[in-house]
Structures are given as structure tokens and as C-alpha cells.
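**Q** There's a structure below that I have some questions on.
The values are calculated or read from the model by the stated rules, or taken from the named source; none is laboratory data. Only a predicted model underlies this, so the values are computations on that prediction, with no experimental measurement involved. Note that each Cβ is placed from the backbone with ideal geometry, even for glycine, and that neighbours are counted across all protein chains shown. Keep in mind that these areas ignore ligands, DNA and RNA; they rest on the heavy atoms of the full protein, side chains included. Shrake-Rupley method; radii C 1.70, N 1.55, O 1.52, S 1.80 Å.
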Amino acid sequence: MTAPETMQVVRITRHGGPDVLERARVAVPTPRTGEVLVRVGAAALNNTDLWTREGAYGRPGDPTALSGWRGPIDFPRVQGADVAGRVASVGPGVDESLVGRRVVVDPASYDADGPDANPVGLMGSERDGGYAEYVTAPAAQVHDATKSPLRDDQLAALPTAYGTALGMIERGRVREGETVLVSGASGGVGVALVQLARARGARVLAISGAAKADPVRDAGAHDVIDRAQDVVAQLRAAAPGGIDVALDVVAGDLVREGLPLLRDGGRWVVAGALGGYDVAFDVRRLYLHNTQLIGSSMHTPAHFALLMDLARRGAIDPVIAATFPLHQAARAQEELARRHHVGKIVLRP
């Protein structure tokens, strides 16, 4: 498979609104030792694209500082963490039989080798990502999906949203028969949480806007809680015996109000702060009831390998809300920010 010399990309040269996304023609990158070059078939959008573009992550000790996922961004930066495509070429030291394989890229950079390493960087933030026709990636983080029945757009929906969701479920030790709360259930991670928790045999209570209740139920929620009404009262009615695990991408007041709903030994897993990051709650809810508050950032290599096994078996069915051509990346991000959709928004080169 021969790659051209140049390619189209969409990149940012500074932090700001959708207007800072610019189209450019650049050289196709050459895979270095241990890397592969992937021809992008589809690239999915995530909230991290918006926050990286805006510089909204802050820094330790300075939450208002402009920053990428793990620190200052080296501009220009091609955005896009989630990539599915085909291996176009390989760098030195990489098995040439990978060329032509249909693959999904694990977008994380890890702090160590081994199955339980922690993510410390992200494609599209700490290195160039998939808003492009081609992207390089470490060969060890390219997973063969040739036999998967999922389409490229569905495969591209997996890495960040489903990886984050599976990381939350694994760290929260969700078990069959447990009652699980999912916040932000109509978003990319939320839909993934509903599907994966249901597949694990949990009873799923999903918080969503009323207008999106039906597709959230279709994803697998047993009950949908209307976020515009009294959430705590609805949860008490739906789960009078309490909640075993909360899988939360909203945080804010929900943490304070929801912690008393956990059963003794329950787990509250947080992987986002759409409702606010400055949270106050009564710590007695933790130590008097043996409950746990768990932070979850993306996935480990072991989690991602498990996710890819599910993808190869077609055991998950990612929901695609809309598809945009690459040159309309700014419009796609605007649509993502409106949050009128259910599922994932995807770019096609």
C-alpha cells in the first residue's frame, strides 16, 4: 500500500473556539522505529477535542491555565484521539504483515509497560491525531480489527468513549446483578456505559434528558431518570434498596446528592466533570459506610485489549449520531458542543 507525499489535515495553532481549527496540506508522516502509518478510515469526536482546543483542562495548582490533557500543547497540533483505518506502511522493526490490516489505534500514552499502566498522554493532545488522512502510531498500540463485523465509523467510536467506559466499569468492579447508575447517559461515554454495564448483567439506571430517553433505553437502560426533574427522588423510587455502583461523567452537585444513595460497600466512579469540578460532600458517607470514591482516567492496556476482543466478536454496537467530512471538523465540533445528539459524531477523510 503506497501513501502519497502530502495529505489534508485539520489542526489547531492556538487555543480558542471552533474558528481556530484550520485546514492544511502537510507531508505524510514517516513511521519511525516501532511505528506504523495508518490510513484513516474514520475518526470519532470526543469532549476532549473541545477541551483541548479550548485549553480547558487547567494545570495542577492553576485550574484556569490554558492547557491540553496533560499540559501545554505543542502547536500546531492535529486533533483527534479516535482512529480506525488500515495500516499503510511500517517503520523499522515492525512486522510487514501488518500492512493492509484493518486496525483500531489505542490513543493513550502510558507511564510504564505492562497491562495495568496508567495513561499520561493522548493522541490529538500530546501527539498528532486522526483529523488527517494518515497518522502514525506505535505498532504495539495498533489492534487488528480485520475480522470485526463493525464498520469503520463504529470502530472509530470505541477508543476514548468505550475505553473510558470500560475503564470505569472495571475500576468500579461492576458485577452481574448489581444496580448501576449512569450519568450523562446520552453522550458518547454514557451510551457506552449503558451498553457495557447491561452486557455485564447489571440493572442500569440512566440519567438523561427526557427528549433522549428512548434512544437511551434502546441502548440498554432499564430505567431512565429525567435530569430536569428531582433526580434523587426518582432514583429512590427506582432503586429503593440503593445503588451498588455509580458511573459518573457529570460530577458537580450529583456527587454530593448521590453519595447517600449508595449501599454500604458501594463505589462511585468519576471520569468527568460536565456538572462542575468543585465538589463538596460529607466524608462520613465514605468511612461510615465503607463506600469508595474512585477516579478513572481512560483505560489501561488490559482494558483496551478487552474492548478490542468485544469489537472483534461484534459484542458491542456503537451508536453513530452523525458523520461529517474531514474539512467540516469545525462544524462537527459545534454539533458535539450542542449536545443535541445521542451517540458518536465521526469524521471521514
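**Q** Kindly rank 132-141, 85-94 from highest to lowest mean number of other beta carbons found within 10 Å of each residue.
**A** Order by mean packing, descending: 132-141, 85-94.
**Q** Keeping all protein chains in place and using 1.4 angstrom, which order do W69, W51 fall into by accessible surface area, from largest down?
**A** Ranked list, largest accessible area first: W51, W69.
**Q** Enumerate the residues in segment 257-275 having an amide nitrogen under 20 Å from the point lying 7 Å beyond the Cα of A237 toward its Cβ.
**A** Residues 257-262 qualify, since their backbone N sits under 20 Å from the label point.
**Q** Compare D248, D19, D264 in a GNM of the chain, Cα atoms joined below 10 Å, and give the one with the largest fluctuation.
**A** Fluctuation is largest for D19.
**Q** Can you tell me the accessible area per residue over segment 232-293, all protein chains present, probe 1.4 angstrom, in square angstrom?
**A** For segment 232-293, the solvent-accessible area averages 49 Å² per residue.
**Q** What number, in percent, do you get for the relative contact order of segment 112-196 if the mean sequence gap of Cα pairs under 8 Å and at least 6 apart is divided by its residue count?
**A** Taking the mean separation of contacting Cα pairs over the length of segment 112-196, I get 21 percent.
**Q** Now, a different point. Just read off the accessible area of R39 with the full protein assembly in place, 1.4 Å probe, to the nearest 10 Å².
**A** 100 Å²
**Q** Search the structure for amide H atoms under 5 Å from the amide H of S109, placed 1.01 Å from N in the peptide plane, and list their residues when 5 or more places away or on another chain.
**A** V120, G121, L122, M123
**Q** Can you give the relative contact order of the chain as a percent, counting alpha carbon pairs under 8 Å and 6+ residues apart?
**A** 19 percent
**Q** Ok, one more. For the chain, modelled as a Gaussian network with Cα springs under 10 Å, which listed residue fluctuates most, Q195, Q292, Q79?
**A** Between Q195, Q292, Q79, it is Q292 that shows the largest mean-square fluctuation.
**Q** I'm spelling it out carefully: the read-out is semi-axes √(5λ) of the Cα gyration tensor in Å, the candidates are (i) 34, 21, 19; (ii) 39, 34, 15; (iii) 93, 27, 15, and one was derived from this structure. Which label?
**A** The listed entry that was calculated here is (i).
**Q** Quick one: check the C-alpha center-to-center distance for segment 200-240 versus segment 261-296, whole angstrom.
**A** Measuring centre to centre over Cα atoms gives 19 Å.
**Q** Quote the relative contact order of segment 47-150 in percent (integer), defining contacts as alpha-carbon pairs under 8 Å separated by 6+ residues.
**A** The value is 26 percent.
**Q** Leaving out ligands and nucleic acids, and using a 1.4 Å probe, what accessible area per residue does segment 16-105 come to in Å²?
**A** For segment 16-105, the per-residue accessible area is 44 Å².
**Q** Set Lys and Arg Cβ to +1 and Asp and Glu Cβ to -1, take the dipole of the chain about its Cα centre, and tell me which of G314, T52, V103 lies farthest positive.
**A** Checked the options; the winner is G314.
**Q** Another one. Could you work out which residue, out of A246, A206, A302, moves most in a Gaussian network model of the chain, that is, has the largest mean-square fluctuation with Cα springs under 10 Å?
**A** Largest GNM mean-square fluctuation: A302.
**Q** Right, something else. Using a 1.4 Å probe over the heavy atoms of the protein chains, calculate the carbon and sulfur portion of the accessible area of segment 24-109 as a whole percent.
**A** Here it works out to 49 percent.
**Q** If I ignore ligands, DNA and RNA and count only protein heavy atoms, how much of L155 is accessible to a 1.4 Å probe, in Å² to the nearest 10?
**A** Probe radius 1.4 Å; accessible area of L155 about 0 Å².
**Q** Follow-up question, since we're still on this one. Rank these residues by their accessible area, most exposed first, probe 1.4 Å: E335, E178.
**A** E335, E178
**Q** Might you report the magnitude of the Cβ-based charge dipole of the chain about its Cα centre, with Lys and Arg at +1 and Asp and Glu at -1, to the nearest 20 debye?
**A** Result for the chain is approximately 380 debye, rounded to the nearest 20.
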